């Protein structure tokens, strides 16, 4: 078996409209399609990241909270590449998003930082 690439990342949110606004307006991801699944009382929003990878944003009634930040077993965080981390951080802080101080990856000497989505999911920005 040979894996070719990541097809999508699925995120379950607790407040669909708030998370939709965050991922579309604040992060600038492009909506591909939005579906309401009545049998699950659930929305599914497919989001495009720079014409490539896709994020599936789901809403479900009463999802359990994330057990800890960020070292719970399972997915630790998602990371997005940016060309200029200072500009990206400035954009986020203008939107009242709290961003950790920019750090340097000791293995690659690249800049990175973290912030959280509306449900506390850790998101990393990594300067390429």
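The values are calculated or read from the model by the stated rules, or taken from the named source; none is laboratory data. It should be emphasised that the depicted structure is a prediction, and the values quoted were computed from it without experimental measurement. Positions of Cβ are generated from backbone atoms using ideal geometry, with glycine treated the same way; all protein chains shown enter the neighbour counts.
Any idea how many residues of the range 42-62 are loosely packed, with under 11 Cβ neighbours inside 10 Å and either more than 17 Å from the chain's Cα centre (by Cα) or not assigned by TED's automatic domain parsing to the domain that holds residue 14 (or both)?
Within the range 42-62, the subset loosely packed, with under 11 Cβ neighbours inside 10 Å is 50-52, 61-62.
After this cut, where a residue has to be either more than 17 Å from the chain's Cα centre (by Cα) or not assigned by TED's automatic domain parsing to the domain that holds residue 14 (or both) as well, the list is 61-62.
Result for the range 42-62: 2.
Residue 65: assigned to a loop (DSSP other than H, G, I, E, B) and farther than 24 Å from residue 5 by Cβ, yes or no? Yes; evaluated as a whole, the condition is true for this residue. Would you call residue 112 touching a strand residue (DSSP E or B) at 6+ places or on another chain (Cβ under 8 Å), surrounded by 13 or more Cβ atoms within 10 Å (Cβ to Cβ) and in the same structural domain as residue 127 (by TED's automatic domain parsing)? Yes; evaluated as a whole, the condition is true for this residue. Filtered by the rule that a residue be modelled with pLDDT under 95 and more than 18 Å from residue 22 (Cα to Cα), the range 75-104 gives 75, 76.
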